[in-house]
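Okay, so here's the structure we're looking at.
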Amino acid sequence: MTTPLTQGRISEEITERRDAYAKAVAAGTPARSHPDRGYAPYRSSVLRHPGKPLVTLHDPEAVELSGPVFGVTDVTALDHDLTRQHQGEPLGERIKVTGRVLDRDGRPVRGQLVEVWQANASGRYAHQRDDHPAPLDPNFTGVGRCLTDDQGAYEFVTVKPGAYPWRNHVNAWRPAHIHFSLFGHAFTQRLITQMYFPGDPLFAYDPILQSVTDDSARRRLVATYDHDLSTPEWSLGYRWDIVLDGPAATWIEEGR
């Protein structure tokens with residue numbers, strides 16, 4: 001009989017890898033903002049990440065011929081507001097999430113398509129493969145998009161997502177988070193990351209977040225509560241900037 005994989009064992013593995021990284025950096029190894037694709041505590045990543053060298057495309061522009069096409073007119077004025085996509089209002093804590101998309105030198109990235117998707121306030125996605133026994137919200141689909149303005153700024157109105165269980169190990173729970181996608185200027189430039197909320201007690205137990213073993217890089221994935229962004233009697237506000245490259249880069253799921 002297979003011994004169940006417990007949170008205790010996963011936490012031990014997380015600690016071992018974090019300590020090993022800290023010792024390596026102290027010995028002179030350069031800091032890494034991105035995790036190893038074979039990060040063992042994240043079991044499914046070990047099973048599915050590429051194990052062979054990437055294939056070189058001799059004509060990379062040919063890939064774009066079959067990729068999606070979008071333009072400014074494809075994004076409507078209400079696409080950024082996830083609370084106004086249905087006839088009724090969704091349940092949950094209404095929030096505003098805003099920030100800027102920047103390059104490594106702090107310059108704004110203008111006209112960038114930013115997409116988000118998330119679970120509802122009960123921690124369930126509006127997806128047929130999500131069988132978590134939490135209620136669906138008929139007034140919340142959990143997807144939105146916008147274009148950055150001339151200052152590189154984006155803004156979304158949504159509800160704070162709930163934590164949810166997953167099957168990485170026994171009693172595994174993901175902290176509340178919102179997925180972000182940035183398309184660049186072509187489909188092959190797409191970057192995907194996740195934003196977390198400050199003070200979540202599940203941070204230490206989550207092997208996906210903890211796969212970012214560098215403390216400063218991991219902190220850059222956590223939004224800041226900004227009371228000035230809150231709207232009286234309406235919503236709370238969070239600020240989260242996305243840096244695409246350089247030493248202050250935001251962690252991207254596919255690594256670099």
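Applying the condition of being buried (at least 18 other Cβ atoms within 10 Å of the Cβ) and either touching a Pro at 6+ places or on another chain (Cβ under 8 Å) or not basic (Lys, Arg) (or both) to segment 93-108 and asking which residue is nearest to residue 230 (Cα to Cα) yields 95. Among the residues of segment 1-12, the ones that are touching a residue at least 40 places away in the same chain (Cβ under 8 Å) and either in contact with a helix residue (DSSP H, G or I) (Cβ under 9 Å, 6 or more places away or on another chain) or open to solvent by less than 50 Å² (accessible area, probe 1.4 Å) (or both) come to 4 in all. Consider segment 18-28 and keep the residues that are assigned to a helix (DSSP H, G or I) and open to solvent by less than 80 Å² (accessible area, probe 1.4 Å). The one that is nearest to residue 171 (Cα to Cα) is 18. Only one of the numbered conditions (1) open to solvent by 10 Å² or more (accessible area, probe 1.4 Å); (2) in contact (Cβ under 8 Å) with a residue 24 or more places away in the chain is not met by residue 156, and that is (1).
Out of 31, 40, one residue alone is surrounded by 11 or more Cβ atoms within 10 Å (Cβ to Cβ) and more than 18 Å from residue 167 (Cβ to Cβ). It is 31.
Considering only residues in segment 179-199 that are assigned to a strand (DSSP E or B) and in contact with a Gly (Cβ under 9 Å, 6 or more places away or on another chain), the one that is modelled with the lowest pLDDT turns out to be 191. Scanning segment 168-210 for residues that are under 22 Å from residue 32 (Cα atoms), open to solvent by 10 Å² or more (accessible area, probe 1.4 Å) and more than 11 Å from the chain's Cα centre (by Cα) yields 189, 190, 203, 204, 205, 210. Only one of the listed residues (236, 202) is at pLDDT 95 or above and closer than 20 Å to residue 44 by Cα. That residue is 202.
Residue 151 satisfies every condition listed in (1) in a loop (DSSP other than H, G, I, E, B); (2) open to solvent by less than 30 Å² (accessible area, probe 1.4 Å); (3) in contact (Cβ under 8 Å) with a residue 40 or more places away in the chain; (4) farther than 17 Å from residue 222 by Cα except (2).
The values are calculated or read from the model by the stated rules, or taken from the named source; none is laboratory data. Every value quoted in this text rests on a predicted model; they were computed, and no experiment measured them. So basically every Cβ, Gly included, is an ideal-geometry build from the backbone, and we count neighbours across all protein chains shown. What goes into the accessible areas is simple: the full protein's heavy atoms, side chains included, and nothing from ligands, DNA or RNA. Shrake-Rupley method; radii C 1.70, N 1.55, O 1.52, S 1.80 Å.
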